[in-house]
Amino acid sequence: MALKTRPLPMIGQEVLDLDCDAPFDDATASGLRGLWREAGLLLFREVGTAPERLRALSAVFGELEQHPIPDFRLPGHPDMILLTNRGTLRGPVYAFDDVPTYGRIPWHTDLAFTTRPNAGALLNMVERAAIGGGTAWLDTQAACAALDPDLRSRLDGLEARFEFCADLGGMRFDNPGGVRVGETRATFPDFPPIARPIVWQHPWTGHPILNVCPLNIRAIIGLPQAEGDALITALIAAVTDPRFVYRHDWAEGDVMLWDNYRMMHRAEGHPVDVPRVVHRTTLRGETTVGRVIAPGA
Ligand SMILES: O=C(O)CCC(=O)C(=O)O
Ligand SMILES: [Fe+2]
């Protein structure tokens, strides 16, 4: 049976009428992989909330990898992560307009601070936040194709420095301006700074895609700081244009799958006293991007 889909607003596709009760046959699995590669972002509704359901759907798209930060793993399911404010908080709280907010993560690609990013990830809404809690994605491939030719011509051969960011207050670009409330218990491994090309070829399709993750980008290597900063600012404005953005208003049981080479995403966060529970799998990447560099390079 051919897969039925419909476009999401702006970018991505919704997969319709997929039976997640039975194992996926080969034709369905390969059709789903093809859709993921082509669209970069897929919505599945009514998948349910059981970890086994998420694991079975995820396995269609590749091998699962454990998150490098053990604190984030779902107890009993080390191949999944748990994002929640139920129980002990494992992420920081920031006040935005005086509302203590949990789970807000500005535009980013996952693991943009490592040279082996995950190929993709699947988010499964287990308990939807009653206030806030939306997630949005943007397509850097579409944004790259639409770049102003003068801007585009300056990018070939340029690399940017990316660093792990444990505190939004430390972001150099597109800082959302929240005020940190209290401390968190989480500890993080040491991630050395890396250099990545700003534009690179998608490992599966060869299409140009852009690396300008505002959460982790620090500078353009080899350019005077003011010039590099102006370029990064212009690129972030270009990729975050609403023409390339889809915002998802979650229902419980929804799964969103994205191509993490091509898409950036952001979590809007929600009031810290409003519960939200999300399970996530991470699809192992098989491509090295960029290189580790000396601190301060
Ligand atoms: O909580 C969300 O909606 C998304 C969190 C996120 O950035 C991720 O799972 O990679
Ligand atoms: Fe993320």
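Rule-based calculations on the coordinates, nothing more; no lab input. No experiment lies behind these values; they were computed from the predicted model shown. Cβ atoms come from the backbone with ideal geometry, glycine included; neighbour counts cover every protein chain shown.
Only residues that are more than 13 Å from ligand 2 (Cβ to nearest atom) and of a type in the set (A, V, I, L, M, F, W, C) were counted in segment 100-121, giving 1.
LEU64 satisfies every condition listed in (1) loosely packed, with under 15 Cβ neighbours inside 10 Å; (2) under 27 Å from LEU111 (Cα atoms) except (1). Looking across segment 271-283, the residues that are more than 9 Å from ligand 1 (Cβ to nearest atom) and closer than 25 Å to PHE244 by Cα come down to THR281, LEU283. With a requirement of 2 or more residues that are out of contact with any helix residue (DSSP H, G or I) (no Cβ under 9 Å at 6 or more places or on another chain), the strands (runs of 3 or more DSSP E) lying completely within segment 111-212 that satisfy it span 120-127, 135-139, 159-162, 194-197, 199-201.
When LEU158 is tested against the conditions (1) of a type in the set (A, V, I, L, M, F, W, C); (2) within 14 Å of ligand 2 (Cβ to nearest atom); (3) more than 24 Å from ARG53 (Cα to Cα), the lone failure is (2). Only one entry of PHE72, PHE113 meets the criterion of being under 27 Å from TRP36 (Cα atoms), within 14 Å of ligand 1 (Cβ to nearest atom), free of Cβ contacts under 8 Å to residues at least 60 places away in the same chain and buried (at least 16 other Cβ atoms within 10 Å of the Cβ), and that entry is PHE72. Annotation note: of VAL274, VAL199, VAL245, the sole residue that is under 16 Å from GLY134 (Cβ atoms), touching a strand residue (DSSP E or B) at 6+ places or on another chain (Cβ under 7 Å) and β-branched (Val, Ile, Thr) is VAL245.
Only residues that are out of contact with any Lys or Arg (no Cβ under 9 Å at 6 or more places or on another chain) and either more than 10 Å from ligand 1 (Cβ to nearest atom) or basic (Lys, Arg) (or both) were counted in segment 98-110, giving 4.
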